[in-house]
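Heads up: the structure comes next, in C-alpha cells.
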Amino acid sequence: PTGSQEATMISRVRTVGVFVSDQDRARDFYVTQLGFEVRSDEPMGPPGSPRWLEIAPAGAETALVPFTPPGSEDRIGMFTGYVLACDDLRATHRELTAAGVRFTEEPTEQPWGLWAQFQDPDNNTFGLVQRGD
C-alpha cells in the first residue's frame with residue numbers, strides 16, 4: 001500500500017458489549033458496586049426502548065456497553081472474555097466483596113501475577129488481574 005495509512009489505522013478499542021437482561025440493573029451494579037463512571041446514557045429510540053449506555057473505570061479508554069440486541073438473549077450469563085486490571089488485586093477483592101460482588105474464583109497466584117474472577121447480576125463472568133513485576 002502507498003500513502004499515509006496513519007489516518008485510517010485503528011488506534012484503540014472504544015467500547016465492548018456486555019449482554020444483560022436489564023440495563024438499569026447493570027448500570028447500578030457497574031457504577032455502585034464496581035465504581036465505574038457513566039460516560040453516556042442516551043435514548044436509542046422511543047421511550048422505553050433500550051438506550052446507549054457506556055460505563056467505564058475512571059480514566060479508562062475502553063467502555064462497557066450493557067445491551068442485548070433482540071435474538072441474542074442466549075448470550076447473557078457467559079464468560080465475557082474481558083479481563084479487567086487493578087494495581088492491588090487483594091485489596092480490590094476485599095473492597096468488591098464488601099460491596100456485594102460475587103467472586104467465582106478467589107485471588108490466586110499465577111506465574112504472571114494474581115488472578116480472580118467475578119460475576120455481574122446476570123452471571124456474566126469477568127477476569128480480574130494484577131500483573132507481576
(message) Condition first: charged (D, E, K, R), outside any strand (DSSP E or B) and free of Cβ contacts under 8 Å to residues at least 60 places away in the same chain. Now tell me which residues in segment 114-133 satisfy that.
(response) ASP133
(message) If I ask for residues that are aromatic (Phe, Trp, Tyr), touching a Leu at 6+ places or on another chain (Cβ under 9 Å) and farther than 22 Å from PHE19 by Cβ, which ones from segment 104-132 would you list?
(response) TRP115
(request) Filter segment 9-21 down to residues that are touching a residue at least 24 places away in the same chain (Cβ under 8 Å) and over 16 Å from GLU42 (Cβ atoms) and give me whichever is surrounded by the fewest Cβ atoms within 10 Å (Cβ to Cβ). (result) ARG12
(message) Report every pair of residues separated by at least 6 positions or lying on different chains whose Cβ atoms are under 9 Å apart, first residue within segment 23-41 and of a type in the set (Val, Ile, Thr), second surrounded by 14 or more Cβ atoms within 10 Å (Cβ to Cβ).
(response) VAL31/GLU37; VAL31/ILE55; VAL38/ARG27; VAL38/TYR30; VAL38/LEU53; VAL38/GLU54; VAL38/ILE55; VAL38/ALA56
(message) Could you tell me how many of the residues in segment 58-91 are touching a residue at least 24 places away in the same chain (Cβ under 8 Å), farther than 18 Å from VAL20 by Cβ and under 15 Å from the mean Cα position of the chain (by Cα)?
(response) 4
(request) Mind listing just one residue for me: the one in segment 95-133 that is more than 22 Å from VAL13 (Cβ to Cβ) and touching a His at 6+ places or on another chain (Cβ under 8 Å) and, of those, most open to solvent (accessible area, probe 1.4 Å)? (result) GLU106
(message) Just to be sure I understand, how many residues within segment 41-89 are open to solvent by 70 Å² or more (accessible area, probe 1.4 Å) and closer than 19 Å to GLN119 by Cβ?
(response) 7
(message) Take THR92 and tell me if it is crowded, with 17+ Cβ neighbours inside 10 Å and in a loop (DSSP other than H, G, I, E, B).
(response) no
(request) Please identify the pairs in which a residue from segment 97-113 that is aliphatic (A, V, I, L, M) has its Cβ atom under 8 Å from the Cβ atom of a residue that is assigned to a helix (DSSP H, G or I), counting only partners at least 6 apart or on another chain. (result) ALA99/THR32; ALA99/GLN33; VAL101/GLN33
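THR62: touching a strand residue (DSSP E or B) at 6+ places or on another chain (Cβ under 7 Å), under 22 Å from VAL13 (Cβ atoms), modelled with pLDDT of 95 or more and of a type outside the set (A, V, I, L, M, F, W, C), yes or no?
Here the answer is yes, as THR62 does meet what is asked.
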(request) Report the residue count in segment 26-40 for those that are within 25 Å of PHE103 (Cα to Cα) and either open to solvent by less than 60 Å² (accessible area, probe 1.4 Å) or β-branched (Val, Ile, Thr) (or both). (result) 10
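Per-residue answers, yes or no, for (1) at pLDDT 95 or above; (2) in contact with a helix residue (DSSP H, G or I) (Cβ under 8 Å, 6 or more places away or on another chain); (3) not hydroxyl-bearing (Ser, Thr, Tyr):
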{"site": "PRO66", "(1), (2), (3)": "yes, yes, yes"}
{"site": "THR80", "(1), (2), (3)": "yes, no, no"}
{"site": "LEU96", "(1), (2), (3)": "yes, yes, yes"}
{"site": "THR104", "(1), (2), (3)": "yes, no, no"}
{"site": "TRP112", "(1), (2), (3)": "no, no, yes"}
{"site": "ALA116", "(1), (2), (3)": "yes, yes, yes"}
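The values are calculated or read from the model by the stated rules, or taken from the named source; none is laboratory data. This is a predicted model, so every value here is computed, not measured. Reconstructed Cβ throughout: ideal geometry from the backbone, glycine too, with neighbour counts over all protein chains shown. Heavy atoms of the whole protein, side chains included, go into the accessibility calculation; ligands, DNA and RNA do not. Shrake-Rupley method; radii C 1.70, N 1.55, O 1.52, S 1.80 Å.
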